[in-house]
Each structure stands twice: as structure tokens, then as C-alpha cells.
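The values are calculated or read from the model by the stated rules, or taken from the named source; none is laboratory data. All values reported here derive from a predicted model rather than from experimental measurement. Don't worry about glycine lacking a Cβ; one is built from the backbone with ideal geometry, like all the others, and counts go over all protein chains shown. Just the protein is used for accessible areas: all its heavy atoms, side chains included, with ligands, DNA and RNA removed. Shrake-Rupley method; radii C 1.70, N 1.55, O 1.52, S 1.80 Å.
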Amino acid sequence: MATMTDLRSLPSVDQLLQTEEVNQWISSYGRPLTLDAIRSVLDKVRLRYAEASTIPDRESLLEQVGSKLQNWTAPTLRDVINATGVILHTNLGRAPLSQAALDAIRSVASGYSTLEYDLRKGKRGTRSVHAESLLKRITGVSAALVVNNNAAAVMLALTALARRRAVVIARTQLVEIGGGFRVPDVMKQSGARLVEVGTTNRVHLADYESALDESPVMILRAHRSNFRIIGFTTEPSLTELASLARRVGIPLVDDLGSGSLLDTSRFGLGHEPMVQESLAQGADLVCFSGDKLLGGPQAGIIVGRADLVAKLKKHPLARAIRADKLCLAGLSATLLHYLKDEAAQEVPVWRMIAMSTEQIRERAQNWVEVIGHGEVINGESTVGGGSLPGETLPTFTLALRVRSPNRFIARLREAHPAIIARLEDDRVVLDPRTVLPEQEGALLDGLRRVYEKRH
Ligand SMILES: *Cc1c(COP(=O)(O)O)cnc(C)c1O
């Protein structure tokens, strides 16, 4: 590399601009960025020269410019193949969208839309009509509101209804969800005064009743999305809390987290609380995520009593956390699957949950045959994403015994698209359940390449 020793032999920017490589870069990356890259490489060479008195040859300089341009423009948000078997993997972007949701987003994003336009009247409309009419029809509520995410939904409910006032919550529910969402912190941030009742494992209706002395304006229930309390434990039912709230005339707000619209027990899982149940048991407002078990885009959904939803909509915070048109398009298309009773077939999250072990075993077996390595073993997939803690789905995985599993897994991450696998008992394990059928070709290509590199 260091072939020249005189700084005067370092090519100038103008000289490099004459080369074919640089001209190609200019057409792919634009002139200003290409010039930046050239100058930055030449500057560094001059600095180094002061210490080492050597300079790289022209070929090596161009190589450095090329890799700089590549680094600067490479997307950091890239698609990956999720072979972990965790269906709602928060770090990997939670729910993949249905084809209909993708089509709806594409069509709304590529042009103008009726986001806030009433076609019949020919004048300004409101964005709140879009997903909300579907939510009302599906859950039977009188009002609904969609915001940016569920953390924002909870924050809005607390801020608009309980700022500077007392809110009762059980100590069993002062939970932390992934990504730094802590129920007590969100409550404090909203300006609500926290009135904790009960102990960390047991809370009784009488605890709630004695908190009435503090003149609360809301009872909040938060779902323990990502852990379970077992053993000596009790909590009043939602129905009991609802009748207490009704008796004193304050709302009961239920933060369901995932908030399923389908019954997870139909699929051999434990029962994740459903939005419809929470409403039927008397919650006045129910908050849940768009991108957990609903299987749609990131969103926070609030359904329930019209007078309360109206207060939320009017609060200035609602404007700051409103859902954008892409979210509303994707969410509406996703909700339509539920309305048409086709969610289990059309929503990828439910398709993955519903996938039969036989189907999975066949796919894993096929992978073994195609790549000529590994074996099919029993395993467990999880739903993840703050739902059904401790619950697993039986699965079959492709297990690979390799000399250095950690290095192998790191190589898989370098593939395009990157492949995210698991390490289990010193084996590299890949679960077909979370690999989308259309990614299978790329997965097998990636696996084959990593094998070739190793030998
Ligand atoms: C996940 C979760 C949240 C946060 O929802 P986001 O959509 O991630 O903002 C809030 N509360 C509970 C109980 C949750 O499980």
C-alpha cells in the first residue's frame, strides 16, 4: 500500500476527478458528496504523512473514497430476516404488515389523499374518521382515537383526564415495559398524582376503596405485559373495579399493552386479555398498541366512552402525538382484516402464530436438504413484544453444529439481508415460524454463502 514517499506525488482532487471511478461515483452519489469523500481521504493522508512519511497509491486512495461513499450512504434502517422465532421482536420492528396494509400505505404515500378532506362536502374533513370508524364497528364502542403509539395514548389519557389530580393504581401494576416505558414515570410525567394501593403481590378491592379518601379522578389498570406474578397473589377483577369506579363516578382506564382482538387461546396459547372483554367488563377507556398483537403499524389506540374520547381529542397534547397518514392507511387496512374475519389468514403475526408445527417441520426439513447441513430439532417460538409472558409455541428449528457458532451467527448478520439467528446449546438455531415465505430464498442463499466462506 505505502508505495510513494513524497507528499508531492499525492494526486490532487482535480486529478482524481479525471478518473473513471470518480465519474461513476459522481453519477451515483452526486458531486458534492463525492468531493467531500475525496477531500476527506486526502486530508487524512496528509495528516498521517506527518507521522509516517508514506502515502498510499492512487488505487488505494480510490478504494478509500469508494468505501467512504458507501458508508455514508448505506441505510442504517435495513430489512432483516428474523429467524429467532420471536414473533413480535421489538428490536426487529415488531409486526410485519399484511399485503393489504402495504398496498394502502403505498397508495396513500405516493400521492395526495383524503387525510383531512371530505369528498362529499368538498371541504376540510378530519383525520379522525379513518381508522376510528373501523375500530367502532369492530369493538362496538361509541368513540375511538388513534395516536402515535400506546405510550402516548396512556400519557394523553392521564394528562387530559387527571392532570394535577389523583389516580389510583395497584402496586402489582407499576410495571416497566421494554424501551423505558415505566407506568409510574409516565403517570408522573402526565402531572397525575399517583396513589398506590396494595402490595407488590396482593391487592384487594378494600385497598381501592380506602384510596377514595384521596379524591381520585381515575382508576388505572395496567396489564403486566412482560412478566407474571405467580403464587400468593390476588387482584380485584376488572368488573369489580368498574363497579367501584361507577359508584364514585370516575373513569376506569385499562392499559392493555398488546390488547388482542382475537382470542389467543384458539391457537394453543394462554389467554391474552382482549379489547372486547375489557370493554364488556366495564372499562371506560382501553388503550393498546397498533404493532403488537394487532399486527399493524406503530400506533396507540384508545377506544371507549365518547365523552372521554372527546376530551382527549381536544387536549393540545393530542395534536403533538397524532397519527400520520401512513399509519392511518396501514392501520385501517389491518383493521379491515378483523372486520372481515380474515385476520388469522391475512395478518402476518397471526399467520405465524397459527402456523402448524407440521408445516414448520416441513420447511425446516426442506432447509436441511437445500443447504446439505444441519438437522431438524424441537424448539419453542415465543410471541414476544410484551404479550403472553412465559408462553411458548412448539416449533421445529434448523440446528447447525459449526466450529465457532458465535462467529457463524455474526457472519449471518453480515448477509444481505442480514439473518438473525439464535444460539442454543452451542448450536446455531433458525426457526422457520418467523421467516416470511418470500424471504426463504434469501435465507438459504445467505446460509450457503456463510458455509462456503467457512470451508
Ligand atoms: C407495550 C406497552 C406499552 C407501550 O406501548 P407502545 O405502543 O410500545 O408505545 C404501554 N403499556 C403496556 C402495558 C404495554 O405492554
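Of all residues in the range 414-451, which are in a strand (DSSP E or B) and under 22 Å from the mean Cα position of the chain (by Cα)?
Across the range 414-451, the qualifying residues are A418, I419, I420, R422, L430.
Confirm whether R246 is part of a strand (DSSP E or B) and either on the phi > 0 side of the Ramachandran plot or in the same structural domain as Q276 (by TED's automatic domain parsing) (or both).
So R246 does not fit the description; no.
Among the residues of the range 163-174 satisfying the criterion of being open to solvent by 10 Å² or more (accessible area, probe 1.4 Å) and under 16 Å from H223 (Cβ atoms), which is modelled with the highest pLDDT?
R171
Could you tell me how many of the residues in the range 261-293 are surrounded by fewer than 24 Cβ atoms within 10 Å (Cβ to Cβ) and hydroxyl-bearing (S, T, Y)?
Matching residues across the range 261-293 total 2.
Exactly one of (1) in contact (Cβ under 8 Å) with a residue 60 or more places away in the chain; (2) open to solvent by 20 Å² or more (accessible area, probe 1.4 Å); (3) in a strand (DSSP E or B) is unmet by G390. Its number?
(3)
For the range 56-160, which fully contained helices (runs of 4 or more DSSP H) count at least 1 residues that are open to solvent by 50 Å² or more (accessible area, probe 1.4 Å) and in contact (Cβ under 8 Å) with a residue 60 or more places away in the chain? Before the answer, list the steps.
Numbers: elements: 58-73, 99-109, 130-139.
In the range 56-160, the matching helices (runs of 4 or more DSSP H) lie at 99-109, 130-139.
If only one of K314, K325 is under 19 Å from the mean Cα position of the chain (by Cα), over 29 Å from V435 (Cβ atoms) and surrounded by fewer than 23 Cβ atoms within 10 Å (Cβ to Cβ), which one is it?
K325
Scan the range 423-447 and report the pairs whose first residue is closer than 16 Å to E362 by Cα and without any contact (Cβ under 8 Å) to a residue 12 or more places away in the chain and whose second residue is basic (K, R) and in a helix (DSSP H, G or I), with Cβ atoms within less than 8 Å and a gap of 6+ or a chain change.
From the range 423-447, no pairs qualify.
Within the range 197-225, track down each residue that is buried (at least 19 other Cβ atoms within 10 Å of the Cβ) and within 29 Å of G390 (Cβ to Cβ).
Passing the criteria: V197, G198, V203, Y208, I219, L220, R221, A222, H223, S225.
Can you name the residue in the range 275-313 that is more than 16 Å from the ligand (Cβ to nearest atom) and without any contact (Cβ under 8 Å) to a residue 60 or more places away in the chain and, of all such residues, is nearest to T139 (Cα to Cα)?
Only one residue fits best here, namely A280.
Determine whether A52 is open to solvent by 20 Å² or more (accessible area, probe 1.4 Å) and hydrophobic (A, V, I, L, M, F, W, C).
Against the criterion (open to solvent by 20 Å² or more (accessible area, probe 1.4 Å) and hydrophobic (A, V, I, L, M, F, W, C)), A52 qualifies.
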